[in-house]
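S.K.: After the structure tokens below, expect a handful of questions from me.
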Amino acid sequence: MGGTRTSSRGILGRSMMLGELEFMIIDEICRERAKSISVYVNPADLSGYEFWADYKLAIDPNEAIQDCWYFQLAYWVIEDIFDTVGAVNSDYDSVLTAPVKQLMQMSFNMGLRRPGAGGRIFTGRRQRKTSQTDRDAVDKPSYILSTDEGLTESCTGRVSSDDTGIDVIHFNVAVVINIKSVLPFIQELCSAKEHKFRGFSGNEQEQTFKHNQITVLETNFRSVEEDAYSLYDYGEDAVVELNLICEYIFNKKSYEEIKPETVKKTLKAEEQTTGR
């Protein structure tokens, strides 16, 4: 975690502010830091970190239960993202040579939901009324209840529905990556991943299963800007900022047993609001 300088970026600007000796010291510290880690990650860039760091128990116990549930969904998604980064970088010793250089952001609303907006959630395509208030500004998952909602237009057309037996959420992930590794990273993100299960009580015999729940809906990438990344050292690889909007699906039957009743009731009310 933390910043180190890109190998040859931002040199001119920094040389004008610092003496040559100071610049050489910074450069060496940055390079040694890059050699010692496998990927740059700041926990504050992950959904939920700051929310729980300063969490205040809700007056209504149902709100606390919903907070825990939706961030459990978030945890499952984040776990798959880290597993993906770990798999892609597994054969490399440091940031300098690893394909994935930095995990920049992991978000469920991309800043599209705003506090103080009259109890509305602003999604990528339409507004949905809810009974929540400013708590909706928190960056946490939202079930997609109609094709008009979500972070982007879905090419799959999948929504949360009892008819299809699935729940659907959207998320955004952005990484700095070797330009040659863009497609392998996407393939790994959408591949089947193993997980251990000991029953919902945690006391049953451990079993190993595979899950494959991610579909990429939108892909964007751009060049790495010098100023914004001048404190990171990515080695000599040509890198880009890869930004993905993805769909994550849950089999309703697989976790209906532990889905809180307050969440079920809220979802039913929201389904009525959307006209489904």
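The values are calculated or read from the model by the stated rules, or taken from the named source; none is laboratory data. Predicted model, so just to flag it, every value in this text is computed and none were measured. FYI the Cβ positions are ideal-geometry reconstructions off the backbone, even for glycines, and counts take in every protein chain you see.
S.K.: Report, by residue number, each residue of region 162-181 that is more than 17 Å from the chain's Cα centre (by Cα) and either farther than 30 Å from ASP148 by Cβ or without any contact (Cβ under 8 Å) to a residue 60 or more places away in the chain (or both).
M.R.: Listed by number, the residues that qualify are ASP163, THR164, ASN178, ILE179, LYS180, SER181.
S.K.: Among the residues of region 137-196, how many are over 18 Å from GLU79 (Cβ atoms) and acidic (Asp, Glu)?
M.R.: Selection size over region 137-196: 5.
S.K.: Looking at GLU247, GLU257, can you tell me which residue is of a type in the set (Asp, Glu), in a strand (DSSP E or B), at pLDDT 90 or above and under 20 Å from TRP76 (Cα atoms)?
M.R.: Going through GLU247, GLU257 in turn, just one is of a type in the set (Asp, Glu), in a strand (DSSP E or B), at pLDDT 90 or above and under 20 Å from TRP76 (Cα atoms): GLU247.
S.K.: Condition first: in a loop (DSSP other than H, G, I, E, B), exposed (fewer than 13 other Cβ atoms within 10 Å of the Cβ) and not aliphatic (A, V, I, L, M). Now tell me which residues in region 29-82 satisfy that.
M.R.: Correct list: ASP54, TYR55, LYS56, ASP60.
S.K.: Within region 43-66, how many residues are acidic (Asp, Glu) and either touching a residue at least 40 places away in the same chain (Cβ under 8 Å) or touching a Ser or Thr at 6+ places or on another chain (Cβ under 6 Å) (or both)?
M.R.: Counting residues in region 43-66 that are acidic (Asp, Glu) and either touching a residue at least 40 places away in the same chain (Cβ under 8 Å) or touching a Ser or Thr at 6+ places or on another chain (Cβ under 6 Å) (or both) gives 2.
S.K.: Within the set of pairs 6 or more residues apart or between chains, which connect a residue that is surrounded by 14 or more Cβ atoms within 10 Å (Cβ to Cβ) inside region 245-259 to a residue that is in a strand (DSSP E or B) and of a type in the set (Phe, Trp, Tyr) with Cβ atoms less than 9 Å apart?
M.R.: ILE245/PHE171; CYS246/PHE171; GLU247/PHE171; TYR248/PHE171
S.K.: Here is a follow-up. For VAL224, all conditions in the list (1) more than 28 Å from VAL175 (Cα to Cα); (2) buried (at least 16 other Cβ atoms within 10 Å of the Cβ); (3) at pLDDT below 90; (4) of a type outside the set (Lys, Arg) hold save one; what is the number of the exception?
M.R.: Only one criterion is unmet by VAL224, namely (1).
S.K.: What are the residues in region 249-276 that are in contact with a Leu (Cβ under 8 Å, 6 or more places away or on another chain) and of a type outside the set (A, V, I, L, M), if any?
M.R.: PHE250, GLU270, GLU271, THR274, ARG276
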